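Quick notes on the structure that follows.
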Amino acid sequence: MAQCQLGQGTLDPYDEAHWLLVRGMGWSFDAGPEQLDRPLSPSEQQHLKKVMHQRLVDRQPTAYILGEAWLMGESFACDRRAIIPRSFIAEFLVAPSLPGLRHPVARILELCTGGGSLSVLAAKAWPAAKLTATDLDPDALALAQENIQRHGLTDRITIRQGDLFQALQPGDGPYDLILCNPPYVPTYKTNALPAEFRAEPHKAFEGGRDGMDLVRRILKEYPQHLIPGGLLVVEIGHEAAACQQLFEREFPNLKSRWLPTATGLQQVFALGDHL
Ligand code: GLN
């Protein structure tokens, strides 16, 4: 894996190798020694060689090769229509344990849903909530719809196509919780993405000159869509410095709070009038 870039569902080369081999062979993650230790048939060897070649030489992401991705133990259909599921926000959608969330959650909005994974996790975390999942890209939303069906959530998650909050229709919202993992990579970095990341839709990364183009718009527009006491949660990944600057220069009155994740202290922020 030495030449390959991680970060599209795994952060550990052994995890990724295991995922590629086990699922590439169509086995379950629970496969035991009787399966893992037996010699491969010639056609199995051929297939495994092909899969390894796609990952190691063609530098395709594992999730696209396999057509599936995993986030917080849930599986998702995954292909080039959307960025591969991975968001620090997912960590808060399991227990669920969102610091700062004070009241029952009846309505949730996810902006930039891509393939829909965060909406699916949020729907499972708050089983009584209704959700709206939006994206600018109809192809990504078609994949999201597949994932919503795969998890039996069509009656609870409504998809809307459009540009951030403009996707919403009368009667949608207001929301108790708004989630967003927007494109936030500054242009100078998107121009230098590793091969695996160039296989993903460029617009899922492109955040403009300082990476904050979409975050800036979300900060301007969210108050009309969030109930008092509600929470907005946004991922900004490794762009904390740019985000901090945005808060200080353009939104000095907003009350924000970093929500530390397993891998960083300033990758996700929350905003709410009560923070
Ligand atoms: N670098 C981030 C990632 O690969 C970018 C994703 C994004 O812009 N939301 O996960």
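Tell me, please, whether a residue that is of a type in the set (G, A, S) and assigned to a strand (DSSP E or B) can be found in segment 222-229. Yes, some residue in segment 222-229 is of a type in the set (G, A, S) and assigned to a strand (DSSP E or B). Taking segment 29-84 as the range and being open to solvent by 40 Å² or more (accessible area, probe 1.4 Å) and among the basic types (K, R) as the test, the residues that pass are R38, K49, K50, R59, R80, R81. When segment 197-236 is filtered for residues that are crowded, with 21+ Cβ neighbours inside 10 Å and on the phi > 0 side of the Ramachandran plot, only G211 remains.
A search for C-beta distances below 6 Å between a residue of segment 1-27 that is loosely packed, with under 15 Cβ neighbours inside 10 Å and any residue that is assigned to a loop (DSSP other than H, G, I, E, B), counting only pairs 6+ apart in sequence or on different chains, returns Q5/P194; P13/M1. What number of residues in segment 237-262 are open to solvent by 80 Å² or more (accessible area, probe 1.4 Å), assigned to a loop (DSSP other than H, G, I, E, B) and touching a residue at least 12 places away in the same chain (Cβ under 8 Å)? Total satisfying the criteria: 3. If you go through segment 218-245 and keep only what is more than 16 Å from P174 (Cβ to Cβ) and either within 15 Å of the ligand (Cβ to nearest atom) or touching a strand residue (DSSP E or B) at 6+ places or on another chain (Cβ under 7 Å) (or both), you end up with V234, E235, I236, G237, H238, E239, A240, A241, A242, C243. Residues that are under 13 Å from Q8 (Cβ atoms) and in a helix (DSSP H, G or I) were ranked within segment 195-206; the one that is farthest from the ligand (Cβ to nearest atom) is A195. Does A122 fit the bill of being open to solvent by 10 Å² or more (accessible area, probe 1.4 Å) and not in a strand (DSSP E or B)? The answer is no for A122. For segment 148-194, residues that are of a type in the set (K, R) and either in a strand (DSSP E or B) or within 16 Å of the ligand (Cβ to nearest atom) (or both) total 2.
Scanning segment 188-211 for residues that are farther than 20 Å from D139 by Cα and free of Cβ contacts under 8 Å to residues at least 24 places away in the same chain yields Y188, K189, T190, N191, A192, L193, G208, R209. Among the residues of segment 263-275, those identified as assigned to a strand (DSSP E or B) and away from the ligand (no atom under 15 Å from the Cβ) are A270, L271. Among the residues of segment 17-60, those that are over 15 Å from A195 (Cβ atoms) and under 24 Å from the mean Cα position of the chain (by Cα) comprise A17, H18, W19, L20, L21, V22, R23, G24, S28, F29. Within the set L226, L254, the sole residue that is in contact with a Gly (Cβ under 8 Å, 6 or more places away or on another chain) and closer than 28 Å to P104 by Cα turns out to be L226.
The values are calculated or read from the model by the stated rules, or taken from the named source; none is laboratory data. Worth saying up front: this structure is predicted, and the values here are computed from it rather than measured. Because the Cβ atoms are built from the backbone with ideal geometry, glycine has one as well, and the counts that use them run over all protein chains shown. All accessible areas refer to the heavy atoms of the entire protein, side chains included, with ligands and DNA or RNA removed. Shrake-Rupley method; radii C 1.70, N 1.55, O 1.52, S 1.80 Å.
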